[in-house]
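See below for the structure under consideration.
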Amino acid sequence: MDKKVIKAIIPAAGLGTRMLPIARAVPKEMLPIVDRPAVSYLVEEAAKSGVTDILIITNRDKDAMEDYFDYSVEYNKKLRDTGKEALADDMKKIADMANVYFLRQKETKGLGHAVARARSFVGNEPFYVLYGDDIIFSETPVCTQLLDAYNKYGKPAVGVKAVPDELVVKYCSLKTKHLESNLYEVSDMIEKPPIEKKFSNYSILGRVLLTPEIFDILDNTAPGAGGEIQLTDAMKVVAQSSGMTAVDFEGERFDMGAKLGFLTANVKLGVKHPETGEAFKEFLKEFVKEL
Ligand code: UTP
């Protein structure tokens, strides 16, 4: 019988230096895409994939996130009293998407260190990691695409895309062998490689499905690129021993940790927004004539 994955981790404790100065006051995971913070889209994606319990790793502004995923008695009353039932229902739906838990990372020692904090939350079952600043819009949630690969090949799975050389050196590079359609076997990987050391242009973008064996490996992972404990360095051990599956996922990804990603995500979703989409489209059509 196919396995289910019901737990997810969202690391959202990075310093977000690429988004300074705003990141000093607002974590990049709380930056809006139109009218919702980035982290809201991640929780929605996980919930759509069958996740019931989500742990968000934070380092500050935990309260703002906690409030966002809670019921608001004041808003609820005000909206229902003024006939804005649909908006009140929408707000309630956000709070009901999943059980959302919070944990402080305490020290910003890297993505691997953040994930390692989740050991007791995860227990002894497979889980997803959704990188807090990677937003992906897709027909089928990327987590579901990873789950299908996990159930087919029985190995932890990573979401990948081919990226240009200038990004491979900033992300990571995977050693892959084609299995079928959009699936690849991964036997090695390297974080932020100098270009002459890249295996391929496939990089992990924002979604992984891991098994609990990763926690012992993380505990023994020394700081790597940038002096941080890298999740890639721990996954590399898994890839080299039992192998992983890479899914060249269907979906459009936006890096909310970078100014361009933030801007393009807002434009992409802005034109689709039921309230403002049409007016925004008209504005854009006129505006591009001036460019
Ligand atoms: P990034 O490397 O993109 O985040 O980590 P960063 O360090 O905040 O980025 P810059 O380079 O300073 O702009 C990917 C994800 O891992 C989280 C981040 O919040 C982001 O969602 N992260 C990173 C942690 O939770 N803890 C860390 O120590 C580092």
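List of remarks:
- Per-peptide packing, taken as the mean over residues of other Cβ atoms within 10 Å, places 45-55, 8-18 in the sequence 8-18, 45-55 from highest down.
- q = 0.06, 0.11, 0.16 Å⁻¹, the chain: log10 I(q)/I(0) [Debye, one scatterer per Cα]: -0.20, -0.67, -1.36
- Extension gain for THR108 to THR17 (0.36 nm times residue separation, less C-alpha to C-alpha distance): 31.5 nm.
- Charge dipole (debye, nearest 20) of the range 1-80; +1 at Cβ of Lys and Arg, -1 at Cβ of Asp and Glu: 120 debye
- Prolate/oblate/rounded call for the range 130-220, Cα gyration tensor, a/c under 1.5 rounded: rounded
- THR276-GLU166 FRET efficiency (beta carbon distance; Förster radius 45 Å; 0.05 resolution): 0.85
- Gain on full stretching of the segment that runs from GLN240 to ARG60 - 0.36 nm per residue minus C-alpha separation: 61.2 nm
- Residue-span extension gain [PHE283 to ARG119] - 0.36 nm each, minus C-alpha spacing: 54.2 nm
- Legend: calculated FRET efficiency, LYS152 to THR82, from the Cβ-Cβ distance at R0 = 51 Å, rounded to 0.05, equals 0.50.
- Where a label projected 7 Å from the Cα of ALA25 along Cα→Cβ would reach, residues of the range 259-273 with amide N under 18 Å: 259
- Sorting 148-156, 62-70 by average packing, meaning the other beta carbons within 10 Å per residue, from highest down gives 148-156, 62-70.
- Three principal axis extents of the range 212-254 based on alpha-carbon atoms, in descending order, are 34, 26, 16 Å.
- Label-point separation in nm, SER138 to THR264, each point 7 Å along Cα→Cβ: 1.7 nm
- The C-alpha atoms of the chain define a longest principal axis, and helix 85-96 lies at about 30 degrees to it.
- When the Cα convex hull of the range 1-136 is projected onto planes of every orientation, the mean area is 9.6 nm².
The numbers here are math on the coordinates, done by the rules we state, and not lab data. Keep in mind that this is a model prediction, so the values were computed, not measured. Cβ coordinates were reconstructed from backbone atoms using ideal geometry, including for glycine residues, and neighbour counts include every protein chain displayed.
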